[in-house]
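> Please see the structure below; I have some questions.
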Amino acid sequence: MANEEKGFQKNSINWYPGHMAKAKRLIREKLDVIDIVFEVLDARMPYSSKIPDLDQLIKNKPRLLILTKYDLCDEKETNKWIQFYKEQGYGVLPVNLMDTKNVTKEIISLTERLLHDENEKRLAKGLRKRRARALVVGIPNVGKSTLINRLAGKKVVNVGNKPGVTKSLDWIRVNEDLELLDTPGILWPKLEEETVAFNLATFTAIKEEILPLDEVAVYILKMLSMHSPSILEERYGVTHFDVEEIEDVFIQIGKRRGCLMRGGEVDYDKVITILLNDIKNGFIKGVTFDFFDECKLISKKD
């Protein structure tokens, strides 16, 4: 097994597909017609899924942070981030994307609240209230496309549980009050922080080949052992975790889940696939991998 403690920070990952650079350029070109920005975060990684250079890209546009997959997170831990972001002046809304009716109602309500002053200025000039134009932006596979389909009430964009599904910018009309500009998932040129990179890999925001899958699997086990040991025991039967004896942990999981080859040997690749798919498919619930007290806090908005 590969050792997850390798010198990651000394060799930061250069990851910046061409369509992401193009997306940023197109966003800049469309910014004049944008009223508000919906930044979509994964509630299981409220820090790692936040785009660090987005402030420079969208300037002073009002922003609503929409935390998807709230039904899968550790609410106690994620709520610390929600409070933190509210204190920074953001509008913040955690959502369960399966709750279609309430998601649409709450987002439109918060959008109107955030754009209230601008609409009052228009009315004072004798202008009619216009349909809000929202830029929807987020890292890959954070739930943007699902969110847009929920708001539109029908499938208007493709959905996939891997990064890179959306490739272009497209306008989508929700109703008389709201119009959305969909964008491809955006990351930043270098992943400098080890925890951020492994969180992005864990929740499939970066392609599988970016980090070794065995290291990502070990990271998942380590995080569950440190912060959600009951999940580790209930789902995988692991009651003791030691990185130095990680092979024994894989053997234990492999035997429990039937990942055996001829001769009774454990198929490590199958164990890795099970761990990754359990996260990807939402079978592991109640986890947040960004721990507020352990993360370097995001700088306050200007």
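> Which length gain, in nm to one decimal place, applies between LYS155 and GLU294 when the Cα-Cα distance is subtracted from 0.36 nm times their residue separation?
46.2 nm
> What percent do you get for the relative contact order of the chain when only Cα pairs under 8 Å and 6+ apart count? Show your work: numbers first, answer last.
On the way: 457 pairs, mean separation 70.3, N = 302.
After rounding, I find 23 percent.
> Another question, then. Using Cα-only point scatterers and the Debye equation, what is log10 of I(q)/I(0) for segment 185-302 at each q in 0.11, 0.12, 0.19, 0.20 Å⁻¹, rounded to two decimals?
Debye intensities relative to I(0), on a log10 scale: -0.40, -0.47, -1.08, -1.18.
> Averaged over every viewing direction, what's the projected area of the C-alpha convex hull for segment 13-182? Give it in nm², one decimal, please.
On the way: hull surface 40.9 nm².
About 10.2 nm², averaged over all directions.
> Right, another one. Where does segment 92-246 land on the Kirkwood hydrodynamic radius, alpha-carbon pairs, in angstrom?
18.6
> Please sort 57-69, 262-274 by packing, taking for each peptide the average over its residues of neighbouring beta carbons within 10 angstrom, highest first.
57-69, 262-274
> To the nearest 0.05, how large is the calculated FRET efficiency for ASP177 and GLU234 if R₀ is 35 Å and r is the Cβ-Cβ distance?
Efficiency at R0 = 35 Å is approximately 0.20.
> Sketch the reach of a paramagnetic label on HIS227 as a point 7 Å from Cα along Cα-to-Cβ, and name the residues of segment 64-79 whose backbone nitrogen lies under 13 Å away.
Answer for this model: 73-79.
> By the gyration tensor of its Cα atoms, with a ≥ b ≥ c the square roots of the eigenvalues, what is the shape of segment 55-152: rounded for a/c under 1.5, prolate for a/b over b/c, or oblate?
Here segment 55-152 falls in the prolate category.
> Provide the FRET efficiency to the nearest 0.05 for the ASP269-MET98 pair, computing r from the beta carbons and using R0 = 35 Å. Walk me through the numbers before you get to the answer.
Numbers: r = 32 Å, r/R0 = 0.91.
Given R0 = 35 Å and the Cβ-Cβ separation, E is 0.65.
We did not get these values from a lab; they are worked out from the coordinates using the rules stated. Keep in mind the model is a prediction, meaning the values are calculated, not measured. Cβ atoms come from the backbone with ideal geometry, glycine included; neighbour counts cover every protein chain shown.
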